[in-house]
Amino acid sequence: MERLVERLEKAVERLETVCQGPGMCGDGSSKGVAQYVQAFDALLAGPVAEYIKISKEVGGDVQKHAEMVHAGLMSERALLVMASQHQQPAENAFSSLLKPISEQIQVVQNFREKNRGSKLFNHLSAVSESIPALGWVAMAPKPGPYVKEMTDAAMFYTNRILKEYKDVDKKQVDWVKAYLSIWTELQAYIKEYHTTGLTWSKTGPVATEGAKSPSASPAGAAPPPPGPPPPPAPAPTSSSTDDSASRSALFAQINRGEGITSGLRHVSDDMKTHKNPALKNQGGPVRSGPKPFTAPKPACNANSSQKTSPKAPALLELEGKKWRVENQENATNLVISDTELKQVAYVFKCTNSTLQIKGKINSITLDNCKKLGLVFDDVVGIVEIINSRDVKVQVMGKVPTISINKTDGCHVYLSKNSLDCEIVSAKSSEMNVLIPTEGGDFTEFPVPEQFKTVWNGQKLVTTVTEIAG
């Protein structure tokens, strides 16, 4: 009984933590608080509170990141409160209301970019890749699938965390489960209360930026920097937003019925050029329609060189147990020779370069590299190629797994001792695996990029699609 009382007290404390003041968190009997705001408070008191708690136990960059995520969720809660009390505003006003959320998304993503050397970089990446899910409030008519898509983007990094800590640190595994449960619960919440988009009140004043409810950021959260909102916020260049806005305007006009033609002026025969040729010869410029699009002229080299930011310094150094190879350009003789089994190599933004890693190493990661050649002896863990283009990887010894993700153009040369290597690919193209022959040459085999999926009555069955050339 005492244990049950303690659990109830803890639940109340969590709920009080995420609430912004009296009357803001509904308890079922509260008046003036929409049901979907109360449901969102339950999400904050449950999965979000658990995520914050475990993040504090992990500490360091993960804890700081969690505070920023919590600030974004509280900004979203403020928007939900406002939507429950106001009518839907115009598109331009709605963009202003979304700005606090989009700015906080940018804060979360910037923190990851500034801490690429962090030991918990996979944690930061998982959060950074999925945090745009907070932009579901701007998505219509399918905000739920959008959150699912953003959650899937985090899976690559959460799987790496699970693989690294599965039998080492249970707390890290619990962190992954707690974080992913936030987005799982959010999808269920959206499906129940905002199936086709953010639900606005049918009564009350039209929402304006001045009517926005304040949302307090937790202590320690970094202040949002000025700047344009990220992709989740509706932008003029977003085709999906333009299409939905155009459709809404079109339907509104159609719904006017016969009144749609009330503003038109009757054109008599003497005003028609095809019935009155004299009109064609009258003075005045002939309207020929809008000019075709032309690409803007590039700025002069002097101005562009002044505006470009200075290049980051090239690195090839051992930092703790991590070899950092960064920002190398046109370097054809990069060599790492003094290696140990516990060390890893992280290769970032290297272009037109060649890197050789001698000895046995734990893992290798290529990130944002172009036209890079990698030659290595032995890797006991995994070789990962992420967000890269035109890379060539040659195995001289053994490697159990090679992962290719978001990469266009990748050639993998296997040795005779590494023919049992597993190659996992996702969102990539132009991948080829080269197998050694008895004569010392290589035979090239393409990795499938196109698949066919059918329903067999019980489950989905996926097979490789052979393309006839």
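The values are calculated or read from the model by the stated rules, or taken from the named source; none is laboratory data. Predicted model, so just to flag it, every value in this text is computed and none were measured. In case anyone asks, the SASA skips ligands and DNA or RNA and just uses the protein heavy atoms, side chains included. Shrake-Rupley method; radii C 1.70, N 1.55, O 1.52, S 1.80 Å.
When the alpha carbon coordinates of segment 309-363 are projected onto the principal axes, the ranges are 37, 21, 14 Å, largest first.
Computed from the alpha carbon atoms alone, the convex hull of segment 315-464 holds 122 Å³ per residue. Our compactness index for segment 35-194, the C-alpha radius of gyration over the empirical 2.2 N^0.38 Å, is 1.04.
In segment 37-126, Cα pairs under 8 Å separated by at least six residues give a relative contact order of 34 percent. Averaged over its residues, segment 35-194 has an accessible area of 38 Å² per residue, based on protein heavy atoms and a 1.4 Å probe.
What's the carbon and sulfur percent of segment 315-464's accessible surface, probe 1.4 angstrom, rounded to a whole number? Carbon and sulfur: 48 percent of the exposed surface of segment 315-464. With protein chains left intact and a 1.4 Å probe, residues in segment 315-464 average 53 Å² of accessible area per residue.
Under 5 Å from the amide H of I357 lie the amide H atoms of I336, V375, F376, D377, each residue being 5 or more positions distant or on a separate chain, with H modelled from the backbone and absent for Pro and chain starts. Once the Cα-Cα distance is subtracted from the 0.36 nm per residue extended length, the N417 to A42 segment shows a gain of 129.6 nm.
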